[in-house]
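Below you'll find the structure, written out as structure tokens, and then a few comments.
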Amino acid sequence: MSINIAIANQKGGVGKTTTVIDLAASLSALKKKVLVIDLDQSGNLTTYVDADTSMPNIYNVLNADTPISQSLQKIGKYSFIASSKELSKAERQFVDYDDIFLLKDVIDTVGDDYDFVIIDNGPSRSILLTMSYVAADYIIAPTDCDDGSIDGIREVYADLTEIRSKKRPISNAKLLGILLTKYERTIMHQEAEISIEEIAENTEDKPFVMTIRKAITASESKSARESMQEYQHDSNPAIDYRAVAKKIIKKTGGK
């Protein structure tokens with residue numbers, strides 16, 4: 001079965017979508033079979049990878065309008081399921097208790113076909129984020145250096161702790177890693193790294209902490225509809241994401 005990784009932080013603008021794109025490209029380059037799911041109703045990831053929005057999307061799959069096999073499309077070397085604006089209906093539509101297991105059930109149907117499934121999430125608590133936690137084996141939390149972004153990590157871990165400690169746990173997902181994105185050698189970033197290391201050390205999960213260096217490549221590659229691995233393979237953030245991909249494989253025992 002696949003190893004399922006949700007990318008989450010309850011703060012926007014911290015590099016979640018960039019992280020998804022470049023981890024998918026990096027893991028694929030390491031000969032891993034990867035499926036990416038855009039579960040963010042904004043659909044930014046779907047736009048950035050230039051996905052075919054005329055195909056069935058994750059909303060159609062969750063709503064049982066179409067089988068997952070019909071929603072799969074190829075982006076570079078990995079498979080992809082697009083987002084939909086209709087995900088905005090999720091809070092009103094997926095209201096039954098069993099609905100939190102929908103994403104997990106969908107992924108389980110294709111899990112034998114992939115080594116890794118990576119899920120992109122919106123920046124707020126929602127039924128979709130809960131679905132993602134339930135489906136995930138691990139969480140990776142990107143963060144910027146500001147207090148709000150770092151607090152978002154604490155909120156993610158608090159949510160995981162809560163759902164794992166229920167009498168009937170709905171998830172066993174662990175916080176696998178924290179990524180300090182847009183990293184520069186400034187006092188602010190160095191202090192943020194220390195704060196994040198302290199958070200990691202004080203959690204039961206003991207996630208790894210790694211930095212992703214800042215470069216204009218991140219913005220340019222999005223405009224070019226490419227991962228940084230494709231756009232500028234030797235750029236600092238591209239190198240850093242490849243290191244994260246190797247760390248993920250090592251920490252998860254990914255085959």
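The values are calculated or read from the model by the stated rules, or taken from the named source; none is laboratory data. Computed from a predicted model, the values in this text were never measured in an experiment. Methodologically, a virtual Cβ is constructed for each residue, glycine included, from the backbone with ideal geometry; neighbour enumeration extends over all protein chains shown.
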Practice problem: Go over the candidates 171, 235, 223, 165 one by one and state the one that is more than 16 Å from the chain's Cα centre (by Cα), more than 20 Å from residue 7 (Cβ to Cβ) and crowded, with 19+ Cβ neighbours inside 10 Å. | Solution: 235
Quiz item: So which residues in the range 174-190 are under 19 Å from the mean Cα position of the chain (by Cα) and basic (Lys, Arg)?
Solution: 174, 182
Exercise. Confirm whether residue 114 is surrounded by 14 or more Cβ atoms within 10 Å (Cβ to Cβ), modelled with pLDDT of 95 or more, over 21 Å from residue 27 (Cβ atoms) and hydroxyl-bearing (Ser, Thr, Tyr).
Key: no
Exercise. Within the range 79-92, track down each residue that is of a type in the set (S, T, N, Q) and either touching a Lys or Arg at 6+ places or on another chain (Cβ under 7 Å) or more than 16 Å from residue 122 (Cβ to Cβ) (or both).
Key: 79
Practice problem: Being β-branched (Val, Ile, Thr) and over 23 Å from residue 17 (Cβ atoms) narrows it down to one of 211, 186, so name that one. | Solution: 186
Practice problem: Determine which member of the set 49, 36, 20 is surrounded by 23 or more Cβ atoms within 10 Å (Cβ to Cβ), of a type in the set (A, V, I, L, M, F, W, C) and more than 24 Å from residue 171 (Cβ to Cβ). | Solution: 49
Quiz prompt | Criterion: surrounded by fewer than 23 Cβ atoms within 10 Å (Cβ to Cβ), polar (S, T, N, Q), closer than 26 Å to residue 196 by Cβ and touching a residue at least 40 places away in the same chain (Cβ under 8 Å) - qualifying residue of 79, 84, 124 | solution = 124
Quiz item: What residue, of 65, 105, is loosely packed, with under 15 Cβ neighbours inside 10 Å, within 22 Å of residue 2 (Cα to Cα) and charged (D, E, K, R)?
Solution: 105
Quiz item: For the range 15-51, what are the residues that are among the hydrophobic types (A, V, I, L, M, F, W, C), in a helix (DSSP H, G or I) and farther than 19 Å from residue 131 by Cα?
Solution: 21, 23, 24, 25, 27, 29
Self-check item: Residues satisfying the stated conditions in the range 168-192, i.e. free of Cβ contacts under 8 Å to residues at least 60 places away in the same chain, outside any loop (DSSP other than H, G, I, E, B) and either within 16 Å of residue 9 (Cα to Cα) or basic (Lys, Arg) (or both)
Solution: 174, 175, 178, 180, 192
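Condition check ((1) out of contact with any strand residue (DSSP E or B) (no Cβ under 6 Å at 6 or more places or on another chain); (2) touching a residue at least 40 places away in the same chain (Cβ under 8 Å)) across all residues:
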{"residue": "31", "(1), (2)": "yes, no"}
{"residue": "34", "(1), (2)": "no, yes"}
{"residue": "37", "(1), (2)": "no, yes"}
{"residue": "42", "(1), (2)": "yes, yes"}
{"residue": "45", "(1), (2)": "no, yes"}
{"residue": "59", "(1), (2)": "yes, no"}
{"residue": "65", "(1), (2)": "yes, no"}
{"residue": "70", "(1), (2)": "yes, no"}
Quiz item: Is at least one residue of the range 213-229 within 17 Å of residue 157 (Cα to Cα), assigned to a loop (DSSP other than H, G, I, E, B) and not hydroxyl-bearing (Ser, Thr, Tyr)?
Solution: no
Quiz item: Quick one: which of 152, 122, 148, 111 is of a type in the set (Gly, Ala, Ser) and under 25 Å from residue 77 (Cβ atoms)?
Solution: 111
Quiz item: When you scan the range 52-143 for helices (runs of 4 or more DSSP H) that lie fully inside it, which ones turn up with 2 or more residues that are touching a Leu at 6+ places or on another chain (Cβ under 6 Å)?
Solution: 58-62, 127-135
